[in-house]
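J.: Dropping a structure here in structure tokens format, bear with me for questions.
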Amino acid sequence: MDRKKTSAKSGQKNKKKEKNKEKRKAIKKKDSKEKSSKKNPLSNTHKFIIFCAVLVVLFLGIFLIPQAVKKANLEKYEYNHFAFIKQDDGFWYTKIQKGAQPYWVPFYYHPSELEDIPVDPNLREKFFSIRDNKGSIFITLDPDAENNSIVIAGVEISRITGSRYDLLNVPTSSAFIKEPGTGSAETGTPIVTCAQADNNTMVIWITLSNTNIAYSYDNCVILEAETYEDMIRVADRTMYDLLGIMTQ
């Protein structure tokens with residue numbers, strides 16, 4: 001009997017030991033999971049959220065932020081409700097709307113750089129009068145000029161008054177104010193002075209002077225500049241006036 005009791009007690013102790021072992025294993029397993037979760041706290045849900053956040057940041061960087069920067073630049077350089085942006089080529093571009101067609105027109109100078117140049121307040125009206133009369137424009141230059149900036153100034157005007165951007169659409173030609181000097185090549189360019197200006201012909205004379213100014217006598221428009229480089233400034237200023245970007 002004693003042996004049986006002793007055996008029974010021994011079996012119960014073994015069962016308790018087994019149960020205790022299982023409990024300890026379960027506790028260790030639970031602790032191991034908790035430690036593992038602490039080492040790697042990101043669940044699949046968290047990883048998905050981070051992945052979505054990265055996609056959003058990439059989208060902002062590729063699409064929205066450049067657009068926002070461009071808009072900020074346009075607003076920063078806006079002048080008289082016209083947006084301006086300076087491109088890598090060094091030109092200032094502004095959008096001119098002609099009916100349903102927009103044109104991005106380049107200029108050498110921003111309007112704020114030209115506010116020191118006075119322009120005849122009646123000049124713009126004279127340009128439109130020539131257009132309405134189906135007239136023509138001659139840009140007359142000194143054939144013996146020592147710098148090609150005078151030619152660039154003429155081009156700045158002709159691309160606005162002519163058909164380049166479908167704006168004024170007045171036939172515009174180049175001319176000389178006098179006969180070329182001895183030894184100059186014959187170009188066939190006509191000699192045109194202010195004496196030929198009338199209701200159907202506008203003459204634009206670009207010349208050196210002691211000031212920067214744009215004014216007119218009847219239909220002869222005179223652009224005076226202190227230097228050859230200033231001729232481009234005066235030309236841009238005059239065209240800004242024609243387009244209504246700069247007003248008196």
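The values are calculated or read from the model by the stated rules, or taken from the named source; none is laboratory data. Here the structure is a predicted model, which means the values were calculated and not measured. Glycine also receives a Cβ, built like all others from the backbone with ideal geometry; neighbour counts cover every protein chain displayed.
J.: Go through segment 88-118 residue by residue and tally those that are closer than 19 Å to LEU168 by Cα and in contact (Cβ under 8 Å) with a residue 12 or more places away in the chain.
T.: Total satisfying the criteria: 10.
J.: Which one of the conditions (1) on the phi > 0 side of the Ramachandran plot; (2) out of contact with any strand residue (DSSP E or B) (no Cβ under 9 Å at 6 or more places or on another chain) does GLY244 fail to meet, given that it meets all the rest?
T.: So the condition that GLY244 fails would be (2).
To keep it simple, each residue is scored yes or no on (1) closer than 23 Å to VAL105 by Cα; (2) under 37 Å from the mean Cα position of the chain (by Cα); (3) surrounded by 15 or more Cβ atoms within 10 Å (Cβ to Cβ); (4) of a type in the set (Lys, Arg).
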site	(1), (2), (3), (4)
ASN169	yes, yes, no, no
VAL192	no, no, yes, no
VAL234	yes, yes, yes, no
THR238	yes, yes, yes, no
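J.: Here's another thing I want to ask about it. Any residue at all in segment 127-135 that's of a type in the set (Phe, Trp, Tyr), closer than 26 Å to GLY99 by Cα and modelled with pLDDT of 95 or more?
T.: Scanning segment 127-135, I find at least one residue that is of a type in the set (Phe, Trp, Tyr), closer than 26 Å to GLY99 by Cα and modelled with pLDDT of 95 or more, so the answer is yes.
J.: Of all strands (runs of 3 or more DSSP E) completely enclosed by segment 166-248, which ones contain at least 1 residues that are aromatic (Phe, Trp, Tyr), in contact (Cβ under 8 Å) with a residue 24 or more places away in the chain and touching an Asp or Glu at 6+ places or on another chain (Cβ under 6 Å)?
T.: 213-217
J.: On to the next question. Going by what's in this entry, would ASN200 be described as at positive phi, surrounded by fewer than 15 Cβ atoms within 10 Å (Cβ to Cβ) and modelled with pLDDT of 95 or more?
T.: No, not satisfied.
J.: Which of the residues belonging to segment 146-160 are within 17 Å of TRP205 (Cβ to Cβ), touching a residue at least 24 places away in the same chain (Cβ under 8 Å) and out of contact with any helix residue (DSSP H, G or I) (no Cβ under 7 Å at 6 or more places or on another chain)?
T.: Scanning segment 146-160 gives a single hit, GLY154.
J.: Tally up the residues in segment 95-121 that are among the polar types (S, T, N, Q) and modelled with pLDDT of 95 or more, please.
T.: 1
J.: Kindly check whether there is at least one residue in segment 133-143 that is among the aliphatic types (A, V, I, L, M), in a helix (DSSP H, G or I) and out of contact with any Phe, Trp or Tyr (no Cβ under 7 Å at 6 or more places or on another chain).
T.: There is no residue in segment 133-143 that is among the aliphatic types (A, V, I, L, M), in a helix (DSSP H, G or I) and out of contact with any Phe, Trp or Tyr (no Cβ under 7 Å at 6 or more places or on another chain).
J.: While we're looking at this one, here's another question. If only one of THR207, THR172, THR193, THR187 is over 22 Å from GLU146 (Cα atoms) and among the β-branched types (Val, Ile, Thr), which one is it?
T.: THR172
J.: Of all residues being over 17 Å from ASP230 (Cβ atoms) and polar (S, T, N, Q) in segment 120-159, which is nearest to the chain's Cα centre (by Cα)? Just the residue, please.
T.: Once the filter is applied, the top-ranked residue is SER158.
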